[in-house]
1. In region 31-39, is there at least one residue being touching a residue at least 40 places away in the same chain (Cβ under 8 Å), on the phi < 0 side of the Ramachandran plot, of a type in the set (D, E, K, R) and assigned to a helix (DSSP H, G or I)?
2. What do you reckon, is Leu56 assigned to a helix (DSSP H, G or I), in contact with an Asp or Glu (Cβ under 9 Å, 6 or more places away or on another chain) and crowded, with 16+ Cβ neighbours inside 10 Å?
3. Looking at region 82-114, which of its residues are among the aliphatic types (A, V, I, L, M), surrounded by fewer than 18 Cβ atoms within 10 Å (Cβ to Cβ) and either within 9 Å of the ligand (Cβ to nearest atom) or free of Cβ contacts under 8 Å to residues at least 24 places away in the same chain (or both)?
4. Among the residues of region 78-85, is there at least one that is in a helix (DSSP H, G or I), within 15 Å of the chain's Cα centre (by Cα) and more than 23 Å from Leu30 (Cβ to Cβ)?
5. Do we have any residue at all in region 55-75 that's out of contact with any strand residue (DSSP E or B) (no Cβ under 9 Å at 6 or more places or on another chain), within 16 Å of the ligand (Cβ to nearest atom) and on the phi < 0 side of the Ramachandran plot?
6. Looking only at residues in region 94-120 that are touching a helix residue (DSSP H, G or I) at 6+ places or on another chain (Cβ under 7 Å) and small (Gly, Ala, Ser), which one is nearest to Glu18 (Cα to Cα)?
7. Working only within region 115-139, note down all residues that are part of a helix (DSSP H, G or I) and near the ligand (Cβ under 10 Å from one of its atoms).
8. Does Ile72 meet the test of being surrounded by 14 or more Cβ atoms within 10 Å (Cβ to Cβ), farther than 12 Å from Leu6 by Cβ and touching an Asp or Glu at 6+ places or on another chain (Cβ under 8 Å)?
Amino acid sequence: MKILILNGPNLARLDLREKSYYGNLDYKQLTDAITAKAGELGISIEIKQSDSESELISWIHDAADKKQPLIINPAAFTHYSYAIRDAISMLKAPAIEVHLSNPLSREEFRHTSVVSGVVQGTIAGFGVESYTLALIAMQNLVQ
Ligand code: DQA
């Protein structure tokens, strides 16, 4: 079973974002590091990114239909998308929320995650490692 990894808006332009939160990482480096770790762990993954709430929701629907595990960085949608929360609630397999930065140490509007309540757990603040830790956690959850 492939683990689906979804990345939300503005993550494909990481190289242009605040260096103090995202470092010098670009999106390709992020996906390459996730792919390398998945290979090391012997996990099969599929990584997708969209700036569109509707596209992310349709991918989550597909994961629900396929009973596919999900690792998701909903990016800014984390803080206000009840639609993404409701879609995640439909999943039959585990879901993990990840963030590169630690939203709780940033602006107040980032202190709320509307998706945290419908995932198995959240890993935030470790950069690329948030994703690789999530892969390890997911491997244990689905074993
Ligand atoms: C983010 C944190 C969000 O608050 C922000 O809107 C992002 C990225 C992160 O990975 O640190 O786009 O999800």
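1. First pass over region 31-39, keeping only residues touching a residue at least 40 places away in the same chain (Cβ under 8 Å): 33-34, 37-38.
If we keep only those that are on the phi < 0 side of the Ramachandran plot as well, we get 33-34, 37-38.
Filter again for of a type in the set (D, E, K, R), leaving 37.
Keeping just the survivors that are assigned to a helix (DSSP H, G or I) gives 37.
Within region 31-39 (the criterion being touching a residue at least 40 places away in the same chain (Cβ under 8 Å), on the phi < 0 side of the Ramachandran plot, of a type in the set (D, E, K, R) and assigned to a helix (DSSP H, G or I)), the answer is yes, since at least one residue qualifies.
2. Numbers: assigned to a helix (DSSP H, G or I): yes; in contact with an Asp or Glu (Cβ under 9 Å, 6 or more places away or on another chain): no; crowded, with 16+ Cβ neighbours inside 10 Å: yes.
The answer is no for Leu56.
3. Leu104
4. Let us first name the residues in region 78-85 that are in a helix (DSSP H, G or I), namely 78-79, 82-85.
Adding the requirement that they be within 15 Å of the chain's Cα centre (by Cα) leaves 78-79, 84-85.
Retained after the next criterion (residues that are more than 23 Å from Leu30 (Cβ to Cβ)): 85.
For region 78-85, residues in a helix (DSSP H, G or I), within 15 Å of the chain's Cα centre (by Cα) and more than 23 Å from Leu30 (Cβ to Cβ): present.
5. Scanning region 55-75, I find no residue that is out of contact with any strand residue (DSSP E or B) (no Cβ under 9 Å at 6 or more places or on another chain), within 16 Å of the ligand (Cβ to nearest atom) and on the phi < 0 side of the Ramachandran plot, so the answer is no.
6. Ser101
7. Of the residues in region 115-139, the ones part of a helix (DSSP H, G or I) are 116-118, 128-139.
Listed by number, the residues that qualify are Ser130, Tyr131.
8. Working: surrounded by 14 or more Cβ atoms within 10 Å (Cβ to Cβ): yes; farther than 12 Å from Leu6 by Cβ: no; touching an Asp or Glu at 6+ places or on another chain (Cβ under 8 Å): yes.
Considered against the rule, which asks whether it is surrounded by 14 or more Cβ atoms within 10 Å (Cβ to Cβ), farther than 12 Å from Leu6 by Cβ and touching an Asp or Glu at 6+ places or on another chain (Cβ under 8 Å), Ile72 comes out as no.
A short reminder: the numbers here are calculations on the coordinates, not readings from a lab. A quick note: this is a predicted structure, and the numbers were derived from the prediction, not measured. Cβ atoms come from the backbone with ideal geometry, glycine included; neighbour counts cover every protein chain shown.
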